[in-house]
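Accompanying notes for the structure given below.
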C-alpha cells in the first residue's frame, strides 16, 4: 500500500512543466516524495484509519471461503440448507463490496488531501530555494534532459519540506 500511495502522490507532481532559463536549480521530486516525513506520517495515519475495515475484509474473505468449501464438500445438502448458505454467501459478498467501496473512497480522499498539501509545500519551498539561490527557474529532474549535478537542490528541498508543519 505504501508504494501505491507514494506512486499516486508522485504522479500528482510529475505533471509540472517549466521553461529553460539561465539560472536554474534541479529537484528530484521522486526523492523528495520518498523522503517526505509528512507523507510517511500521512501514510501511517491512513493505514491506521483503514485497519478496522481491512481486518473486517480479511475476516469476511475467510467466511466466504469457508462457506464455499462447505458447499463443495457437502454436495448432498438439503435444498433448504443450500439456499440458506447461498443467502449467507450473497449477504457477505455484498458486505465485502460495500466495505471495499468505502475503503477506496476513504483512501482516494486522503490521497487528494495529501497531494494538495504536498504540492503546496513543494511549490513554496521551490520558490524559497529559487529566491535564496537567485535562480530564474527550478526544474523537476525528470523534465531536464541533461543538467550539471552541482545545480541539484534535492537535499535542500527535502530538508525544507520536512521542516514545514
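Couple of notes before you dig in:
- Percent RCO, i.e. relative contact order, over the range 2-163, from Cα pairs under 8 Å lying at least 6 residues apart: 52 percent
- For mean projected area of the Cα convex hull in nm², the value computed from the atomic coordinates appears in the list (i) 9.0; (ii) 30.9; (iii) 12.6 under label (iii).
- Structure remark: mean-square fluctuation, Gaussian network model of the chain, C-alpha springs under 10 Å; the largest value among 149, 75, 52 belongs to 75.
- Angle in degrees between helix 79-132 and the longest Cα principal axis of the chain, rounded to the nearest 10: 10 degrees
- Using alpha-carbon coordinates, inclination of helix 2-14 to the longest axis of the chain, degrees: 40 degrees
- Additional length obtainable on full extension of the chain from residue 67 to residue 90, 0.36 nm per residue less Cα span: 7.2 nm
- Förster-model FRET efficiency, 30 Å R0, residue 101 and residue 41, C-beta, rounded to 0.05: 0.70
- Within the listed set 36, 110, 143, the Gaussian network model of the chain (springs between alpha-carbon atoms below 10 Å) gives the highest mean-square fluctuation for 143.
- The range 116-165 and the range 56-92 have Cα centres separated by 56 Å.
- Calculated FRET efficiency for the pair residue 109/residue 54, C-beta based, R₀ 25 Å, to 0.05: 0.90
Computed from the coordinates by the stated procedures, all read-outs in this text should not be read as laboratory data. What you see is a predicted model; the values in this text were computed from it and never measured. Positions of Cβ are backbone-derived with ideal geometry, glycine not excepted, and every protein chain shown enters the neighbour counts.
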